[in-house]
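Have a look at the structure below, then the notes.
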Amino acid sequence: MSQHNLVGSRDQTVTTQQLSELNSQLIIATADRTQKASNLQQALALMRSGNAESVGQALASPLIQSLKAQETVLMQKRAELSNRYSADHPTMVNIDSELKQVQRKIQDEVNNVIRSMTNDVQAAAARETTLTTSIQKLQQAADAQDAAGVGLRELQRESDANRTLYENLLNRFKQTTAQEDI
């Protein structure tokens, strides 16, 4: 019995129990991948629409929040200075340069967040694939165990029939021996 992994509890083999557990994990992994893929698609849509800073996870980034604060300060400073200086004044050129540099840093950080989200989706998909492969292997093992279980039940029926036949023969032998002694 144990060579075919037919050991279990309440008509359930170890393989069947593992299969059930892996199926549960696959459901969770699929939901996780789907959620991460959805988040990534939303972030990419926001980037395409020009709202890269609105990407949910990007806003949670302390670095982006800091850069956004710097951008706001620079924009206020630029607005104040634009009342006194023309656009080609060195002070204005300097502020514009700083503003562009901060905006470029924000975009770079948003791109890093998008890359991280993409990696998360790929990792979740890989886990899902691994679980699917494991389930397929366990399903094959379960099928083999089912076949072995059928063979085991057939052998048990044959054994029970032989035991009954042997007991009947033994009883007749005892009766015959008892009659001969009489």
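The values are calculated or read from the model by the stated rules, or taken from the named source; none is laboratory data. All of these numbers come straight from a predicted model, not from anything done at the bench. Positions of Cβ are generated from backbone atoms using ideal geometry, with glycine treated the same way; all protein chains shown enter the neighbour counts. Heads up: the accessible areas ignore ligands, DNA and RNA and are worked out on the full protein's heavy atoms, side chains in. Shrake-Rupley method; radii C 1.70, N 1.55, O 1.52, S 1.80 Å.
A few remarks follow.
- The condition (being touching a helix residue (DSSP H, G or I) at 6+ places or on another chain (Cβ under 7 Å) and more than 26 Å from residue 36 (Cβ to Cβ)) is satisfied by just one residue among 101, 145: 145.
- Just one residue in the set 136, 122 is in a helix (DSSP H, G or I), free of Cβ contacts under 8 Å to residues at least 60 places away in the same chain, among the polar types (S, T, N, Q) and closer than 19 Å to residue 15 by Cα; that residue is 136.
- Failed item, numbered, when residue 87 is tested on (1) of a type in the set (A, V, I, L, M); (2) over 30 Å from residue 28 (Cβ atoms); (3) surrounded by 14 or more Cβ atoms within 10 Å (Cβ to Cβ): (3)
- Screening 124, 144 for residues that are of a type outside the set (D, E, K, R), surrounded by 14 or more Cβ atoms within 10 Å (Cβ to Cβ) and within 30 Å of residue 19 (Cα to Cα) leaves exactly one candidate, 124.
- Selection within the stretch 3-50 - among the aliphatic types (A, V, I, L, M), surrounded by 13 or more Cβ atoms within 10 Å (Cβ to Cβ) and modelled with pLDDT under 90: 6, 14, 19, 40, 43, 44, 46, 47
- Residue in the stretch 51-64 that is acidic (Asp, Glu), open to solvent by less than 70 Å² (accessible area, probe 1.4 Å) and at pLDDT below 75 present: yes
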